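J.: Following this message is one structure expressed as structure tokens.
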Amino acid sequence: MTRDKQIKHSELCLTLPEPRPGTSLVLAPCQNSDLQKWVRMESDRVVMAEGLNLCVDSVREKAVGLVVEGCDKTILTQRWSFIANKS
């Protein structure tokens, strides 16, 4: 996660196309959009769209990839591990 609260892959950012539950996340060109800003919550294991009660969820990853759903720290598909890339 960058200082600008973006999750980047090369020059693309994790993007929430529509701020509603069930929306599939996409990689899109980074534009510093509010829908490309994320915060880590619950001891840094839950990733929430900034200013929204929507969290990254892998519950439907096989069918549609990552989505956002209403945040619930008890749901395992919303808990993530992070490893620093030192390369």
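Each value in this text was obtained by applying a stated rule to the coordinates, not by laboratory testing. Owing to the predicted nature of the structure, the values given are computational and were not obtained by experimental measurement. Quick reminder, even Gly has a Cβ in these numbers, built from the backbone with ideal geometry, and neighbours come from all protein chains shown.
J.: Within 12 Å, Cβ to Cβ, of Cys30, how many net charges do the neighbouring residues add up to if Lys/Arg are +1 and Asp/Glu are -1?
T.: So the surrounding residues net to +1.
J.: Now a separate question. Can you give the calculated 222 nm mean residue ellipticity of the chain, where each DSSP H run of n ≥ 4 adds -39,500 (n - 2.57) and the sum is split over every residue, rounded to the nearest 500 deg cm²/dmol?
T.: Calculated mean residue ellipticity at 222 nm is -500 deg cm²/dmol.
J.: Exposed loop trypsin sites (Lys or Arg not before Pro) only (DSSP loop, at most 10 other Cβ atoms within 10 Å): please give the longest stretch of the chain free of them, not including the sites.
T.: 4-85
J.: Still on this structure, I have one more. Considering the chain as a Gaussian network with a 10 Å cut-off on Cα pairs, which listed residue, Ser43, Ser24, Ser58, attains the greatest mean-square fluctuation?
T.: Maximum among the listed residues: Ser43.
J.: Still on this structure: Using a Gaussian network model of the chain with C-alpha springs under 10 Å, which one of Ala49, Ala63, Ala28 is most mobile by mean-square fluctuation?
T.: Evaluated over the chain, the most mobile residue of the options is Ala63.
J.: What does the charge dipole of the chain about its Cα centre add up to, to the nearest 20 debye, if the Cβ of each Lys and Arg holds +1 and the Cβ of each Asp and Glu holds -1?
T.: Computed charge dipole of the chain: roughly 240 debye.
J.: Arrange Leu52, Leu14, Leu76 by Cβ neighbour counts within 10 Å, fewest through most, would you?
T.: Leu76, Leu52, Leu14
J.: Let me ask another. With an 8 Å cut-off on Cα pairs and a minimum separation of 6 or more residues, tell me the relative contact order of the range 8-78 in percent.
T.: With pairs under 8 Å counted, the relative contact order is 27 percent.
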